[in-house]
1. Please give the calculated 222 nm ellipticity per residue for the chain, where each DSSP H segment of at least 4 residues contributes -39500 (n - 2.57) and the sum is spread over every residue; nearest 500 deg cm²/dmol?
2. Taking springs between alpha-carbon atoms closer than 10 angstrom, which of VAL367, VAL68, VAL214 fluctuates most in the Gaussian network model of the chain?
3. Roll a 1.4 Å probe over the protein heavy atoms and report the accessible area of SER388 in Å², nearest 10.
4. Please turn the phi angles of segment 321-337 into ³J(HN,Hα) values with the Karplus equation 6.51 cos²θ - 1.76 cosθ + 1.60 (θ = phi - 60°), one per residue in order, whole Hz, x for glycine and proline.
5. Using a Förster distance of 51 Å, how high is the FRET efficiency between ASN2 and LYS181, based on the Cβ-Cβ distance and rounded to 0.05?
6. Return the long-range amide H neighbours of GLY134 (sequence gap of 5 or more, or a different chain), with a cut-off of under 5 Å between placed amide H atoms.
7. How much accessible area per residue does the chain have, counting only protein heavy atoms and a probe of 1.4 Å, in square angstrom?
8. In segment 175-325, what % of DSSP beta bridges are antiparallel (nearest 5)?
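The values are calculated or read from the model by the stated rules, or taken from the named source; none is laboratory data. Note that the structure is a prediction, hence the values are computed from the model and not measured. With ideal geometry, Cβ positions are generated from the backbone for all residues, glycine too; neighbour counts draw on all protein chains shown. What goes into the accessible areas is simple: the full protein's heavy atoms, side chains included, and nothing from ligands, DNA or RNA. Shrake-Rupley method; radii C 1.70, N 1.55, O 1.52, S 1.80 Å.
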Amino acid sequence: MNKQIQNLYLRANKSERLIIGLMSGTSMDGLDIALCKVKGSGADTDIEVLEFKTGDFTADFRSKIKAVFSKKEVDLQLVCLMNELIANTHAQLINEALKEWGYQNEEIDFIASHGQTIFHAPKSLHQMEDYPDGTLQIGDGDHIAVKTGIITLSDFRQKHLAAGGEGAPLAVYGDYLIFSKAGEDRIMLNIGGIANFTYLPGSLNADEIFSTDVGPGNTLMDQFMQQHFNQFYDRNAAIGLSGNLNQDLLSALLKNDFFGANFPKTTGPELFNLNYLGAAQKVSGTADLKKEDVVATLCHFSAQIIVDAIQRCFGMQAKVRIFMSGGGMHNPLLVSLLKEKLPQSSFVTTNELNINPDAKEAVLFAVLANETLCGAPIDFGSRKGIPSVCMGKISLPE
């Protein structure tokens, strides 16, 4: 037996495993690195976050990602080179984090790498009959494995596509295993660049679970802030709180077929970008709107599409326990709007469940890797969008 295969077998059979989960989302603010101790698998999964940090991206590196991000036409040579550069950068950030935390690389059993999404193309977006759903994440797992010396699982979304899903959202798989609770209906709301949620029924019936994107979370606000205020995001909603809602612009922003499409569904910055905002301003006659008012209205837009999706599922008087994660939970205007519009529901963060909400997405990929190595596909039945599969390609260090 190849010694690396034997190493994989021995580590997968340990009673507990150290797995690093990685996440770099559409916000591109840095690489979330979560060192997790994982025991068991499936419904018996027990996970503890030992360490967490966000490895910062330099402005130069971020600009290089943006050069290939969410564009229909792009320099193919640059995509090719960024596939390796992103992986090498992630590996460097992992090595630095392990040194900072006092761990030797050989102590870590596995890395679970999401990679960097550069284009998401569900059929609902590209609308080309002869082509399937598609998505592309770069930052190759082989490079991470070789540069860290740690077995790496990556490219999780491709199996989801192959089995009939849209490649997103994947949160449902990990949410079900680590956050379900008998007798309590829960919504796991992640407000990243794109907002999505998973419904976890108190019945623990996998047939009732679903996960869906609902539309833009932070992505439009962040893009606008970067272009007009030279700030990466609206820290503490300082700009949004200084502006006022413009109802005409909000109404125009809400007019898109995506919002009426059935769940589950996925989307991305390929649709919700500054061109989308510009078109809405033109239609609504708000091209000269104060920039502070635009930010405020974009925040109301994100809140409204989240509320609409939850009420669509659970009624106008939705009464559910909502556990927040993602950058949007730090936006006080956004959170206050959600609470105001969903007064029967309660809002907390995943800190209540002993998972750092900023680390949650990285932790979920560690869970996905653990299932591929030690578990089995969860039976979600035959519902569209949630194939019963394990995900992640395995890269060996040698």
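1. Working: 15 runs with 157 residues, N = 398.
Counting only the DSSP helices, I get -12000 deg cm²/dmol.
2. Comparing VAL367, VAL68, VAL214 in the GNM, the peak value goes to VAL68.
3. Roughly 40 Å² of SER388 is accessible to a 1.4 Å probe.
4. 8, 10, 9, 8, 8, x, x, x, 5, 8, 8, x, 5, 4, 5, 5, 5
5. 0.75
6. ALA121, LYS123
7. With all protein chains present, the chain gives 43 Å² per residue.
8. 70 percent
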